[in-house]
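Structure first, commentary second.
What follows is calculated from the coordinates using simple rules that are stated; it is not laboratory data. Treat the numbers as computed from the prediction; the structure is a model and nothing was measured. Here Cβ is always computed from backbone atoms with ideal geometry, including for glycine, and neighbour counts include all displayed protein chains.
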Amino acid sequence: MRPSLRWMNIHAFSSVRSRSTSFIGLGRMGHEMAFNLFSKQFAQANESEFVVCDTVPETAQSFCSNFVKQFPGSRIKIAKTPEEATLASRTIITMLPSSPQVQNVYNNGIIPTLRSLPADQVQSTLCIDSTTLDVDVARSVSENVTALGSQMVDAPVSGGVTGAKAATLAFLVGGTTTAFDQAQPILASMGQRIIHCGPSGAGLAAKICNNLILGVQQIVVGEAMLLGTKLGLDPAILSSVISSSTGNCWSISVNNPIPHALPEKSPPCERDYEGGFATALMLKDMGLASNVATLSGCPVPLGLTAQRLYGQMIEEQPELARKDFSSVYQYLKQAMEEGKRIKVGVESP
């Protein structure tokens with residue numbers, strides 16, 4: 001007996017969906033992550049299919065054109081909506097700006113579409129969200145996804161655009177062991193360290209704590225480098241001293257804010273602070289840290305001060321919002337040259 005047309009359509013749908021991966025959000029980070037993931041999946045199995053989705057159609061079109069040019073014969077499509085991306089693939093990765101976008105994409109797109117699928121398709125679906133967002137929002141979205149029978153992890157990243165491009169990111173993962181095991185080989189195509197931090201939301205909690213340190217760290221590195229050069233030290237020599245001393249950190253040895261201070265590297269300061277982690281995004285992350293700290297009753301006075309400084313930077317010089325957050329050095333330097341005192345602090349309750 002020949003199978004019915006309906007059965008064959010369902011079978012074909014299931015087959016295509018099983019070998020397809022959708023990536024939603026092609027910003028600075030998402031673009032590099034998707035490119036690495038798709039290129040490695042294509043190398044491993046050239047029958048793989050890829051789907052991209054972005055709020056800016058031209059961004060998705062440009063990504064597809066570049067990918068096909070570098071990988072002739074690859075199958076890549078553009079989904080106009082998260083619904084289309086969900087229908088197309090059983091692996092869905094999102095890399096979005098923040099909490100509101102995640103809520104919209106999942107609650108109004110991915111989750112309603114999952115509800116419309118056959119049970120076996122829902123159960124075979126894995127959602128990976130690499131957005132840095134509010135922990136409670138992430139947990140709520142995950143609960144809604146897993147309640148349907150799908151798997152989901154929060155997997156924010158550390159390593160910046162440079163790490164995304166080089167596929168050396170660290171993924172800080174929250175979710176069940178089953179979901180983590182499914183996500184790990186996918187994340188390994190985009191990063192080097194895949195760390196299971198605990199249940200849903202744990203990856204984000206770890207990321208927020210990390211970026212709390214990073215946001216404060218970049219400011220004090222800018223202060224130290226500015227002070228050192230003011231005292232007549234060569235930036236490269238000062239950077240070398242700090243990098244080999246107790247002050248060593250990522251902000252001095254990788255994301256140094258002074259041009260030519262790292263002769264063998266190319267931090268954003270070498271490109272007028274373009275192409276790094278935007279100050280506006282760091283301000284967002286500092287806000288996430290201060291909000292969750294307030295809710296948990298944890299004092300973070302330096303974090304609050306750093307948050308206020310990044311906010312003040314953007315308010316006074318809006319063009320710095322899109323620049324790498326190491327441009328705080330430029331902000332401090334300009335204030336020094338103008339004889340301006342920078343007043344930031346934690347207001348008393």
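Rounded to the nearest 10 degrees, the inclination of helix 202-230 to the longest alpha-carbon principal axis of the chain is 30 degrees. Taking GluC sites (Glu not before Pro) as exposed when DSSP calls them loop and at most 11 other C-beta atoms lie within 10 angstrom, the chain has its longest site-free stretch at 48-263. Between residue 274 and residue 243, residue separation times 0.36 nm minus the direct Cα-Cα distance comes to 8.8 nm.
Note that segment 45-62 has calculated 3J(HN,Hα) couplings of 8, 6, 8, 4, 10, 10, 9, 10, 8, 8, 5, 9, x, 5, 5, 5, 5, 5 Hz, one per residue in order, obtained from phi through the Karplus relation 6.51 cos²θ - 1.76 cosθ + 1.60 (θ = phi - 60°); glycine and proline are x. For segment 5-199, the Kirkwood estimate of hydrodynamic radius, built from reciprocal distances between every pair of different alpha carbons, is 16.5 Å. Helix-only arithmetic for the chain: the sum of -39500 (n - 2.57) across DSSP H runs with n ≥ 4, divided by the residue total, places the mean residue ellipticity at 222 nm at -16500 deg cm²/dmol. Equivalent ellipsoid of the chain: semi-axes from √(5λ) of the C-alpha gyration tensor, largest first, are 41, 22, 17 Å.
Pairs to check: 207/284; 230/333; 40/77; 207/343; 40/165; 40/207. Give those whose C-alpha atoms are more than 20 Å from each other in this structure. As for pairs spanning more than 20 Å Cα to Cα, those are 207/343; 40/207.
Put simply, the convex hull of the Cα atoms in segment 151-299 casts, on average, a shadow of 10.2 nm². Once you reduce segment 211-260 and segment 124-168 to the center of their Cα atoms, the two points are 32 Å from each other.
The charge dipole of segment 227-349, taken about the Cα centre with unit charges on the Cβ atoms of Lys, Arg (+1) and Asp, Glu (-1), comes to about 240 debye, rounded to the nearest 20.
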